[in-house]
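Engineer: Please find one structure pasted underneath; my questions will follow.
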Amino acid sequence: MARSDIIFLHAPSVYDFRKKPIFYGPVSDVIPSSPVFEMYPIGFMTISSHLEAAGFRTRIVNLAVQMLRDDRFDVEKRIKSLDADVFAIDLHWMPHVHGATEIARIVKKYHPDSKTEFGGLTSSYFWEELIKRPEVDMVMRGDTTEEPTVRLMAALQEGKDLSEVPNLVWKDAGGRVRNNGISHSLENLDDIRFDYGTMIKNVLRHMDIGGALPWYGWDKLPLTSVFTVRGCSLGCAECGGSGYANGKVVCRKAPAYRSPEKLAEDMDVIQSYLDTPIFIVGDLRQHSNGYAERFLKEVRERGIKNHVVAELFSGADDGYFSKLDRAFDGGWSIEFSPDSHDEEVRYALGKGYSNEEIEKSVESAFRNGCGRFDLFYMTGLPFQTRESAISSAKASRKLWGLVGKDDDLFIYNAPFAPFVDPGSRVFEEPGRWGYRFFARTLEEHKRLLENPSWKHVLSYETKWMDRDTIAETSYDAAIELATMEHGCSRISAETLELRKERTEVARSLMHRIDEIMTVRDETEREDRLWEIKAEGVRLMNSTVCDKNNLDWEAGSVWRNSPRIIAGLIRSYMR
């Protein structure tokens, strides 16, 4: 197998989930990946692009996807077969703590002379705990670590001291921990290389499309993304990507934006490879209305034909939506996360817009040509009672009543799970927000992930809802939402009954696990958990909603082959 200078490894949430009787529940019903959380962060691609441009050979290996694709896939055999100076493992999202640290342990078992490096927001928060682990050699802190990683690889290759590599925490030859501090934090993102061609070239070099997939099924229904910003100007209490959290975790004093012109160029590059929807991460208006207008002017001039998905962080009007409609020839859609229809809860979180603004935004979007509008609510928020959570589901009737029956307004309601983001205001000041945590350290979160029921993986409960109530309310809200959807003639009676049946089966499975966990004999308890393993796997996706609604119409990677070849030729010419 070809040797690489650095290999990026993405682990499943729990290693090895195939060998554990786990009931995942609805923890990933509103994201593209499964409860295994097999989606790797976009940093894999951008860091790889910078390294490749500097002459280093990189590879992305998504172990989680390969484990999902094939029950017989041998993780240790694959890791043993790899060859690299550095194995970079992401611990960006907290639910990966179990899988990431276990994969690092396996890497050290077979490659004791190679370095293991951790990176991502969670790694940046828990760097002191991580670097003490024997399987971890280095932690790269920060949110713009492309160039620091290039400098790290150059220093390692040349045998130089690592003390000059910004943002790095490392162990010297004597095992002493050295912390270089966070000194590299870009003020804008225009120098970041953002090219899906890097991933495509990686696949061709190693003839391993399964290993490089961003998530399971991406090759059949690909979705791409571009980033307006790293950091955030908002301070939403529960969010680990908020301005408050960024200041605490990666020392970011202000958001770093990509210029509108560069952002449009990124989209142009994507459409040169793939006819696939492009998700714009971050509200275009977060910087300013002028930023949004510059961007929309640029995409009009470039003739972006791909379908585009834009985010809202607050309400929008006819003027904004009409500009989106004029800019995108391939159509456009909206994603909006009010989190709660209860204004008291939403205002407390830091989302300062009214229900009236939400309603007007939904109406205006479809009036101005919106192809689809996704709206997200959560259960388990600060100041949220059971009645408040259910009321969000009930409020969907009014929202659906504002638009035509053929308008694709999708409303989702899922638990705030499994963990509260480290670095968020809720995590840092739980008492102020009415939270009690079952895990604070990295190791405590790792142990929670070994629980067989998603309810007991939850890292928190609130003064308004304990764990049991959060779980029961999540199922009740799902049934209420489906009932509202049927009442608005958006789903059939048959579909309603199927949704209700699936939700109740999932609930009963959770109750059965509660009962099994009272069995004192460990062998009997394990045997009984394994008896319901298959049922848990069957309910792994679409537990409380129809996850197929999250899919976007797109040509598969295989249908895009001619465009990919043409894009690669243009890339080499550039």
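Engineer: Could you go through the stretch 352-366 and let me know if any residue there is over 30 Å from Ile270 (Cβ atoms) and among the basic types (Lys, Arg).
Structural biologist: Yes, that holds for at least one residue.
Engineer: Within the stretch 516-529, how many residues turn out to be exposed (fewer than 12 other Cβ atoms within 10 Å of the Cβ) and not acidic (Asp, Glu)?
Structural biologist: Filtering the stretch 516-529 for residues exposed (fewer than 12 other Cβ atoms within 10 Å of the Cβ) gives 518, 520-524.
Next, only the ones that are not acidic (Asp, Glu) stay: 518, 520, 523.
Summing the residues that are exposed (fewer than 12 other Cβ atoms within 10 Å of the Cβ) and not acidic (Asp, Glu) in the stretch 516-529 gives 3.
Engineer: Against the conditions (1) in a loop (DSSP other than H, G, I, E, B); (2) modelled with pLDDT under 95, where does Pro134 fall short? Just the number, please.
Structural biologist: For Pro134, the failing item is (2).
Engineer: Quick one: which helices (runs of 4 or more DSSP H) sit completely within the stretch 186-284 and have at least 1 residues that are basic (Lys, Arg)?
Structural biologist: On the way: elements: 197-206, 209-212, 243-249, 260-273.
Where helices (runs of 4 or more DSSP H) fall fully within the stretch 186-284 and carry at least 1 residues being basic (Lys, Arg), they are 197-206, 243-249, 260-273.
Engineer: Check every one of the helices (runs of 4 or more DSSP H) wholly within the stretch 286-374 and list those with 2 or more residues that are β-branched (Val, Ile, Thr). Let's see the steps before the verdict.
Structural biologist: Details: elements: 289-302, 318-327, 343-349, 355-367.
By residue number, 355-367.
Engineer: Is there a residue in the stretch 140-153 that is at pLDDT below 90, surrounded by 23 or more Cβ atoms within 10 Å (Cβ to Cβ) and either part of a loop (DSSP other than H, G, I, E, B) or small (Gly, Ala, Ser) (or both)?
Structural biologist: First pass over the stretch 140-153, keeping only residues at pLDDT below 90: none.
Within the stretch 140-153, none of the residues are at pLDDT below 90, surrounded by 23 or more Cβ atoms within 10 Å (Cβ to Cβ) and either part of a loop (DSSP other than H, G, I, E, B) or small (Gly, Ala, Ser) (or both).
Engineer: Tally the residues that are farther than 23 Å from Gly197 by Cβ and either of a type in the set (Asp, Glu) or at pLDDT 95 or above (or both), restricting the search to the stretch 18-62.
Structural biologist: Summing the residues that are farther than 23 Å from Gly197 by Cβ and either of a type in the set (Asp, Glu) or at pLDDT 95 or above (or both) in the stretch 18-62 gives 1.
Engineer: Residue check: is Leu381 of a type in the set (A, V, I, L, M), in a loop (DSSP other than H, G, I, E, B) and within 25 Å of Trp464 (Cα to Cα)?
Structural biologist: Numbers: of a type in the set (A, V, I, L, M): yes; in a loop (DSSP other than H, G, I, E, B): yes; within 25 Å of Trp464 (Cα to Cα): yes.
So Leu381 passes the test.
Engineer: Kindly check whether there is at least one residue in the stretch 404-425 that is of a type in the set (Gly, Ala, Ser), surrounded by fewer than 22 Cβ atoms within 10 Å (Cβ to Cβ) and either without any contact (Cβ under 8 Å) to a residue 60 or more places away in the chain or closer than 22 Å to Ser123 by Cβ (or both). Give the derivation first.
Structural biologist: Start the filter on the stretch 404-425 by keeping residues that are of a type in the set (Gly, Ala, Ser), which leaves 404, 414, 417, 423-424.
Going one step further and asking which of them are surrounded by fewer than 22 Cβ atoms within 10 Å (Cβ to Cβ), we end up with 404.
With the extra rule that they be either without any contact (Cβ under 8 Å) to a residue 60 or more places away in the chain or closer than 22 Å to Ser123 by Cβ (or both), the set shrinks to 404.
Yes, that holds for at least one residue.
Engineer: Taking the criterion of being surrounded by 19 or more Cβ atoms within 10 Å (Cβ to Cβ), among the β-branched types (Val, Ile, Thr) and closer than 25 Å to Phe416 by Cα, would at least one residue in the stretch 32-52 satisfy it?
Structural biologist: Checked against the condition, which is being surrounded by 19 or more Cβ atoms within 10 Å (Cβ to Cβ), among the β-branched types (Val, Ile, Thr) and closer than 25 Å to Phe416 by Cα, the stretch 32-52 yields at least one hit.
Engineer: Just the residues that are among the aromatic types (Phe, Trp, Tyr) and in a loop (DSSP other than H, G, I, E, B), please, taken from the stretch 415-459.
Structural biologist: Phe416, Phe419, Phe438, listed by residue number.
Engineer: State yes or no: is Ile192 in contact with a Cys (Cβ under 6 Å, 6 or more places away or on another chain) and either under 19 Å from Met45 (Cα atoms) or touching a residue at least 24 places away in the same chain (Cβ under 8 Å) (or both)?
Structural biologist: Working: in contact with a Cys (Cβ under 6 Å, 6 or more places away or on another chain): no; either under 19 Å from Met45 (Cα atoms) or touching a residue at least 24 places away in the same chain (Cβ under 8 Å) (or both): yes.
When the stated conditions are applied, Ile192 does not pass them.
Engineer: Given the condition buried (at least 20 other Cβ atoms within 10 Å of the Cβ) and within 20 Å of the chain's Cα centre (by Cα), answer yes or no: does some residue in the stretch 70-87 qualify?
Structural biologist: No, because not a single residue in the stretch 70-87 is buried (at least 20 other Cβ atoms within 10 Å of the Cβ) and within 20 Å of the chain's Cα centre (by Cα).
Engineer: Could you please give the count of residues in the stretch 252-275 that are touching a residue at least 60 places away in the same chain (Cβ under 8 Å), farther than 17 Å from Ala327 by Cα and either touching a Ser or Thr at 6+ places or on another chain (Cβ under 7 Å) or not assigned by TED's automatic domain parsing to the domain that holds Arg372 (or both)?
Structural biologist: Summing the residues that are touching a residue at least 60 places away in the same chain (Cβ under 8 Å), farther than 17 Å from Ala327 by Cα and either touching a Ser or Thr at 6+ places or on another chain (Cβ under 7 Å) or not assigned by TED's automatic domain parsing to the domain that holds Arg372 (or both) in the stretch 252-275 gives 5.
The values are calculated or read from the model by the stated rules, or taken from the named source; none is laboratory data. Keep in mind it's a predicted model, so treat the numbers as computed, not measured. Here Cβ is always computed from backbone atoms with ideal geometry, including for glycine, and neighbour counts include all displayed protein chains.
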